[in-house]
Amino acid sequence: MTRTRISTIVILITVGAAAGFLVQVALAAGSLPKFRPEYTLALSLLFIAGITIALAVPIRRATRATVRTRIDPFHATRVVLFAKASSIAGGLLTGAAAGLLAELLVRNGGLNTDSLLRSLAVLVGAIAVLVAGLVGEFLCTVPPGDDEGKTDPAGSLET
C-alpha cells in the first residue's frame, strides 16, 4: 500500500471546499437554515486525531527499536488503513470547513462571530485529523531492507 499523495489531498480539499460552500449557498437560496457546526464536532475530530497517533506509535517503536519485537501483521495493517482513512477524511473535512468559512466571509450582511468560531474550530479539528493520518501513515512504514516480510509459522511478522 502506498502513502497518500499530496495531489490526492489537494483534490480532496478542493472538492470539500466547493461542496461546503455550495451547500451553504443552496441552503440560503432555499430560505433554509444554514449548516452550523457544533463545537463537539471539533472535539471529536481532535479525539480521532489523537487515537490515530496513539495507535501508530507502538508500531513505530516496535519496528525501529534496537531490540525489535513481533507485530501482528493484521493489527499493523488495520492501523495503517485507519491512518490512511483519517488522512482522506481529514482532507475532505478540511475542505468542507474551509468552504463553510469562505461562505461566511463573502456573504452580505454582518459577520456572525459564533458561526465564525464554530467554523474555525471545525477547521482546526479537520486539519488535526489530516495531519494525524499522514503522520500515522509515516509511523507505520516498514524500515528499509525489511520489506521481504519474514514470517514465523504462527503468522506474526518478525521485524
Quiz item: Mind checking which pairs have a first residue in region 1-12 that is farther than 22 Å from R78 by Cα and a second that is among the β-branched types (V, I, T), Cβ under 9 Å, 6 or more apart or different chains?
Solution: L12/I88; L12/T94
Exercise. Working only within region 7-37, note down all residues that are modelled with pLDDT under 90 and either within 18 Å of L116 (Cα to Cα) or under 17 Å from the mean Cα position of the chain (by Cα) (or both).
Key: A28, P33, K34, F35, R36
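Yes/no per residue for (1) within 19 Å of the chain's Cα centre (by Cα); (2) modelled with pLDDT of 85 or more:
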{"site": "T63", "(1), (2)": "no, no"}
{"site": "V67", "(1), (2)": "no, no"}
{"site": "F74", "(1), (2)": "no, yes"}
{"site": "R78", "(1), (2)": "yes, yes"}
{"site": "L81", "(1), (2)": "yes, yes"}
{"site": "S86", "(1), (2)": "yes, yes"}
{"site": "L120", "(1), (2)": "yes, yes"}
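The values are calculated or read from the model by the stated rules, or taken from the named source; none is laboratory data. Computed from a predicted model, the values in this text were never measured in an experiment. Cβ atoms come from the backbone with ideal geometry, glycine included; neighbour counts cover every protein chain shown.
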